[in-house]
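J.: Pasting a structure below so you can have a look.
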Amino acid sequence: MKNKYVMISGLAFSEESDMEKLKNYAREGWILEDIMGGFFYKLKKDKPQDIVYSVDYQSEADEEYFTIFKEAGWKPVVSLGNQMHIFSAQAGTKPIYSDCESEIDKYISARNQTRKGTFYSLIIAIVLIGLLVTSLITARPMFLIIFGLLIIDIVVFVFNFMPYLAYNSRIKQIKKYGKCKSEIINNKNLWKIDAFTGVMFLALGISNLIEKKYFAVFFIILGVSNIVSSLNHYKKKDKII
């Protein structure tokens, strides 16, 4: 097997653990080559290497940007959307960011990008909800089309809003501790996701139960399990802190 595909854990939430994972794979001879579909690392088989990886966020990166990193010993490996860039270097190379101020600037750039995406998708969602209500009254054939667009927009919103929260948490942690703890970010945001999902499933289940649709019990069970999971993540967050 010449290639291996490894799922991305979510760089906004677990950047450090993902980079550590890629470093360990490199020691086994699996070297990062590309990112596939935004969800998987593509690793190629090569000789074992003692290298480390680091992530940077820079929109519209130019040749001068990459030259600065090369001169510091960091080789560009892959870029995603010309906004997120992964670099590699020999173990022991001076980190890309060695002080808190520059590392905070790195995450401010990423946070601002996801904040824009969150804002725009929220505005679109409000418009679509208005159209959805209107279609029920005046244009029922359009209901499913608008509903489908709303679902897509909600996905876009979540994929911007959750990273926004994560980057915001990173900035606060670096200011407070001088470093970032991925475990805190994971549990801090996962409990919110589980809580939101649990409430949605419960609301869906109760509304169907009122209409005597007994498969609603399934949604209620899912809702309760997500809320329990949310409480567990919340407790872990406090213990880590």
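J.: Hey, could you check the range 1-37 for residues that are touching a Phe, Trp or Tyr at 6+ places or on another chain (Cβ under 7 Å) and in a strand (DSSP E or B) and say which is nearest to Lys75 (Cα to Cα)?
T.: Of the range 1-37, the ones touching a Phe, Trp or Tyr at 6+ places or on another chain (Cβ under 7 Å) are 4-8, 12, 19, 22-23, 32, 35-36.
Checking which are in a strand (DSSP E or B) leaves us with 4-7, 32, 35-36.
Values: Lys4: 21, Tyr5: 21, Val6: 21, Met7: 22, Leu32: 12, Ile35: 16, Met36: 20 Å.
Within the range 1-37, the match that is nearest to Lys75 (Cα to Cα) is Leu32.
J.: Now for a separate question. Based on this model, can you work out whether Met19 counts as under 23 Å from Ser169 (Cβ atoms) and touching a Ser or Thr at 6+ places or on another chain (Cβ under 8 Å)? Before the answer, list the steps.
T.: Numbers: under 23 Å from Ser169 (Cβ atoms): yes; touching a Ser or Thr at 6+ places or on another chain (Cβ under 8 Å): yes.
Yes.
J.: What's the total number of residues in the range 98-108 that are of a type in the set (Ser, Thr, Tyr) and surrounded by 16 or more Cβ atoms within 10 Å (Cβ to Cβ)? Before you say what the answer is, go through the steps one by one.
T.: Within the range 98-108, the first condition is being of a type in the set (Ser, Thr, Tyr), and the residues that meet it are 98, 102, 107.
If we keep only those that are surrounded by 16 or more Cβ atoms within 10 Å (Cβ to Cβ) too, we end up with 107.
Matching residues across the range 98-108 total 1.
J.: Restricting to the range 81-98, count the residues that are farther than 15 Å from Gly117 by Cβ and not in a loop (DSSP other than H, G, I, E, B).
T.: Adding up the residues that qualify gives 6.
J.: Could you list, in sequence order, the residues of the range 77-106 that are of a type in the set (Ser, Thr, Tyr) and under 19 Å from the mean Cα position of the chain (by Cα)?
T.: Ser79 - this is the single residue of the range 77-106 that is of a type in the set (Ser, Thr, Tyr) and under 19 Å from the mean Cα position of the chain (by Cα).
J.: Within 30 Å of Asn3 (Cβ to Cβ), aromatic (Phe, Trp, Tyr) and surrounded by 13 or more Cβ atoms within 10 Å (Cβ to Cβ), is that true of Tyr65?
T.: Numbers: within 30 Å of Asn3 (Cβ to Cβ): yes; aromatic (Phe, Trp, Tyr): yes; surrounded by 13 or more Cβ atoms within 10 Å (Cβ to Cβ): yes.
Judged against the criteria, Tyr65 is a match.
J.: What number of residues within the range 38-80 satisfy the criterion of being free of Cβ contacts under 8 Å to residues at least 24 places away in the same chain, part of a loop (DSSP other than H, G, I, E, B) and closer than 18 Å to Glu15 by Cα? Don't jump to the end; show me each part of the working.
T.: Within the range 38-80, the first condition is being free of Cβ contacts under 8 Å to residues at least 24 places away in the same chain, and the residues that meet it are 46-49, 60, 62-68, 70-71, 73-76, 79.
Applying the additional criterion that residues be part of a loop (DSSP other than H, G, I, E, B) yields 46-49, 60, 62, 73-74.
Restricting the remaining residues to those that are closer than 18 Å to Glu15 by Cα gives 74.
So the count comes out to 1.
J.: Test Asp18 against the stated conditions and say whether it is within 27 Å of Met162 (Cα to Cα) and charged (D, E, K, R). Please lay out each step first, then the result.
T.: Values: within 27 Å of Met162 (Cα to Cα): yes; charged (D, E, K, R): yes.
In short, yes.
For every residue, the table says whether it meets (1) at pLDDT 85 or above; (2) in the same structural domain as Ser54 (by TED's automatic domain parsing); (3) of a type outside the set (Lys, Arg).
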| site | (1), (2), (3) |
| --- | --- |
| Gln83 | no, yes, yes |
| Glu103 | no, no, yes |
| Ile108 | yes, no, yes |
| Ile123 | yes, no, yes |
| Ile126 | yes, no, yes |
| Val133 | no, no, yes |
| Ala139 | no, no, yes |
| Phe147 | no, no, yes |
| Phe157 | yes, no, yes |
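J.: Now for a different question. Does the range 141-148 contain at least one residue that is part of a helix (DSSP H, G or I), in contact with a helix residue (DSSP H, G or I) (Cβ under 7 Å, 6 or more places away or on another chain) and under 30 Å from Ile86 (Cβ atoms)? Quick ask: steps written out before the conclusion?
T.: Of the residues in the range 141-148, the ones part of a helix (DSSP H, G or I) are 141-148.
Okay, now just the ones that are also in contact with a helix residue (DSSP H, G or I) (Cβ under 7 Å, 6 or more places away or on another chain), so 142-143, 146-147.
Now narrow it down to the ones that are under 30 Å from Ile86 (Cβ atoms): none.
Checking the range 141-148: not a single residue is part of a helix (DSSP H, G or I), in contact with a helix residue (DSSP H, G or I) (Cβ under 7 Å, 6 or more places away or on another chain) and under 30 Å from Ile86 (Cβ atoms).
J.: Right, here's the next one. Hey, can you tell me all the residues within the range 109-128 that are of a type in the set (Val, Ile, Thr) and surrounded by fewer than 16 Cβ atoms within 10 Å (Cβ to Cβ)? Break it down stepwise before answering.
T.: Start the filter on the range 109-128 by keeping residues that are of a type in the set (Val, Ile, Thr), which leaves 114, 118, 123-124, 126-127.
Hits for the range 109-128 are Ile123, Ile126, Val127.
J.: Here is a list of conditions, (1) surrounded by 12 or more Cβ atoms within 10 Å (Cβ to Cβ); (2) touching a residue at least 40 places away in the same chain (Cβ under 8 Å); (3) under 30 Å from Lys2 (Cβ atoms), and Gln83 meets all of them except one; can you say which number that is?
T.: So the condition that Gln83 fails would be (2).
J.: Those residues that are modelled with pLDDT under 85 and among the hydrophobic types (A, V, I, L, M, F, W, C), I need them from the range 85-101; list them, please.
T.: First, pick out the residues of the range 85-101 that are modelled with pLDDT under 85: 95-101.
Correct list: Ile96, Cys100.
J.: Ok, one more. Give the range 107-154 a look and list any residue that's among the aromatic types (Phe, Trp, Tyr) and over 16 Å from the mean Cα position of the chain (by Cα), or say none. Can you show your working first?
T.: So in the range 107-154, the residues among the aromatic types (Phe, Trp, Tyr) come out as 107, 119-120, 143, 147.
Listed by number, the residues that qualify are Phe119, Tyr120, Phe143, Phe147.
The values are calculated or read from the model by the stated rules, or taken from the named source; none is laboratory data. The model shown is predicted, which means the values in this text are computed figures rather than measured ones. Positions of Cβ are generated from backbone atoms using ideal geometry, with glycine treated the same way; all protein chains shown enter the neighbour counts.
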